[in-house]
Structures are given as structure tokens and as C-alpha cells.
1. If you take the square roots of the eigenvalues of the alpha-carbon gyration tensor of the range 59-162 and sort them as a ≥ b ≥ c, do you get rounded (a/c under 1.5), prolate (a/b over b/c) or oblate?
2. Would you list the membrane-span-like helices of the chain, meaning whole DSSP H runs whose alpha-carbon atoms span at least 24 Å along their axis and whose mean Kyte-Doolittle value is at least 1.0?
3. Between beta-carbons, use under 14 Å as the cut-off and find the net charge around residue 219, counting Lys and Arg +1, Asp and Glu -1.
4. Step through the residues of the range 138-145 one at a time and calculate ³J(HN,Hα) from phi using the Karplus curve (6.51 cos²θ - 1.76 cosθ + 1.60, θ = phi - 60°), rounding each to whole Hz and writing x for Gly and Pro.
5. Pop out the carbon and sulfur fraction of the accessible area of the chain as a percent, whole number, probe 1.4 Å.
6. Report the full-extension gain for the segment residue 186 to residue 128: residue separation times 0.36 nm, less the Cα-Cα distance, to one decimal in nm.
7. What ranking of 193, 144 comes out by heavy-atom accessible area, probe 1.4 Å, highest first?
8. May I ask you to compute the full-extension gain from residue 142 to residue 75, defined as 0.36 nm times their residue separation minus their alpha-carbon distance, rounded to one decimal in nm?
Amino acid sequence: MFDGSIENLPVLVAFVLACLLAAPVSAAALFRPGRSVLAPSKGADLAGAGVLVLLWVGLIPLNAWAHLSGQPFEWVFGSETFDGGFVETLTFVGLMFVAWLSVRLALRREAPLAVRVLAVLFAVGLVFVALEEVSYGQHWFHWRATGAFAEANLQHETNLHNFVDPRLYDWLYEIIGGAALVAALLVRVGLMRGLLDRLGPLGETVSRSRYALALTMTASALLLHEVFEELSEFAAVSALVYVAIVSFELWRTRLAPADDASSPGYAPHRA
């Protein structure tokens, strides 16, 4: 909780330090001239830049002010007792979009079998998480939960994740955020580039795209503090969406027939 108590001081300090690391990386991504490395089109870069501006200029300050002022803005960020709002809807849309891209990759017969199988499993997992996020439509259609969902679910919603104490998610998010931030810093200084490049387009996008790095570091910082829980999920999914778009385009062009190699989107691998 972002209440300034001494018990929360280490978390608050970690959050502030993470923001001080993520903010300049995000600013560099926005103001560096030219297209991002590997970006197959200007659209991907524009989307990445737009989300960074939305986060740092709009949603992060608004989220902090909403908490400090005692005005929850539930229609934007949701709350401890209500999973819903604008940010959560965008998170749902992002997850479903990446699932759709994964299915498209799985349908490419030119792709290796292992890649296609992993793409299907990834898509199924994303759809499950997306549906959990919106309680399988309960947030939109407003039905009443019944049975165990009404009795044991902490928010009386039709989902599985609210059967668990939300404080456990705070710890989980902090661990994931810290680990992701360390990994992003290693990518930033080039220590993981060789390893990631061996993973193909997905790894190359993570290791070489400035927008992927900036979005990942922003999400990592937000994951460190419970106040930004819903926003951190949106930021993490935004990073996932950007990486998915760029890596899918790289897969698509590299799987294209040789006579398509001269197309504008073609981006052969360079070691």
C-alpha cells in the first residue's frame, strides 16, 4: 500500500528507483530519431510511442493522484472490490489480440512444428487470462455470481483468481517486476543479446527494440507497487502486444517464399 508507513518504505524506495531507471529509457525511446531496430513498419513504432506517452504523461500521474487524493477513479483503474474499468478493458483487448496473432502464426504451415504447437498453447493461455480478467463477461453483462463464486470468491465474481488472497498477488507482482527489471537492465547493457538472438524473432525483438525495452521497464517498475496493480497489467500487456506485432511480422517475412524477399517488410536475420 502506498501510505508512506515505515513498513512499506523498502517497496516505495524500490518503486521510485525503478521509475528513475525506466523514465530515461522511455524518454530515449521516444526522442531518438529514426525507426526502432527491427520494426517492420512505422505503425509498430507509433503504437509503442503512443502507449509510452499515455502511461508516463497520463495514466501513471492520474493513478498516483487518484490514490493520494482518495478518489479511486474506479471507471478507469478498478479497485480492490471491483475488477473493471477502462484500463482493464484495454488489457483484455491486448491479450485477445496477441492470442489472435499466436493463432495466425500457428496456422502458418511454413513455421516449425514446435513453434506452431507453442503458439497454440500460448494462445489458449492468453484467452484464459483474458477471460479471467473480465470475469468471463460478468463485468459487462452484470450477472450475479452463484454457488462457490458467490460464497468463497473474495469479490463475488465469476473467476478463479479471486479465490486467492490478493496480498499473495502483491508479492508475486513484486517478484516478477524485480526479475523483469533486472533482465531488462541486462538487455540494456547488451549482456543477454547473444542468448536472446538465438530464440529467433521473439528474442531479437526483446533484445533489440527500444520500445520493447522501454515498455518492459515501465511495466516492471509499476509491478513493484500495489497501488499501480491494474495499470502494471496494462503496461505489461502493452509490452507483450508490441513484441508480438514486431516478432510476428519478422516470422511472416522470414517464412515468406524467396520471391517475396524484396518486399518492403522483408527483414532477413543478421547475426
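1. Because a/c hits 1.5 or more and a/b fails to exceed b/c, the range 59-162 counts as oblate.
2. Span-like helices, by this rule, are 9-31, 86-106, 113-133.
3. -4
4. 4, 5, 9, 9, 6, 7, 8, 5
5. 71 percent
6. Length gained between residue 186 and residue 128: 17.8 nm.
7. My answer, sorted largest first, is 144, 193.
8. 22.6 nm
The values are calculated or read from the model by the stated rules, or taken from the named source; none is laboratory data. Treat the numbers as computed from the prediction; the structure is a model and nothing was measured. Ideal geometry is used to build each Cβ from the backbone, glycine not excepted, and the neighbour counts take in all protein chains shown. All accessible areas refer to the heavy atoms of the entire protein, side chains included, with ligands and DNA or RNA removed. Shrake-Rupley method; radii C 1.70, N 1.55, O 1.52, S 1.80 Å.
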